[in-house]
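Throughout, read-outs are computed from the coordinates displayed, never taken from laboratory work. Here the structure is a predicted model, which is why all the values come from computation and not from measurement. With ideal geometry, Cβ positions are generated from the backbone for all residues, glycine too; neighbour counts draw on all protein chains shown.
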Amino acid sequence: MAAPRSQWRAGNVQTVVSLVAVRTDSRWFHEKLSPDADVYLLQRRVRFLNAHSKGQHTPFSLMVLTLGATAEQKARYAELVPGFWLARSTAGPAGIRE
């Protein structure tokens, strides 16, 4: 996520969308991600299909991260995919609300 985030911050891309494991207890999530990204927690585990169309669920929960998504894009995604958007954090580096 570091390269897409730096490209977005530099203005080289308008929107970044990533599918990552839910690790909200990680330092990366709190220090690097939460100040910039919108986080959508998926209601169910994602099921991926192999070449033979046999499905397998992920062994862990996933979340969608967006940088630069519009309110309209986020609303449309929420209509299509069960889950919810987390409120963006306003906490500073020590966890103190600004």
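Worth a mention:
- FRET efficiency, residue 75 to residue 9 (Cβ-Cβ, R0 35 Å, nearest 0.05): 0.90
- Sorting the segments 78-85, 59-66, 1-8 by their mean number of nearby beta carbons within 10 angstrom, highest to lowest, gives 59-66, 1-8, 78-85.
- Relative to the longest principal axis of the Cα atoms of the chain, the long axis of helix 71-80 lies at roughly 30 degrees.
- The chain shape via C-alpha gyration tensor axes, a/c threshold 1.5: prolate
- Farthest positive-ward along the chain dipole, Cα basis, beta-carbon charges - from 21, 83, 57: 57
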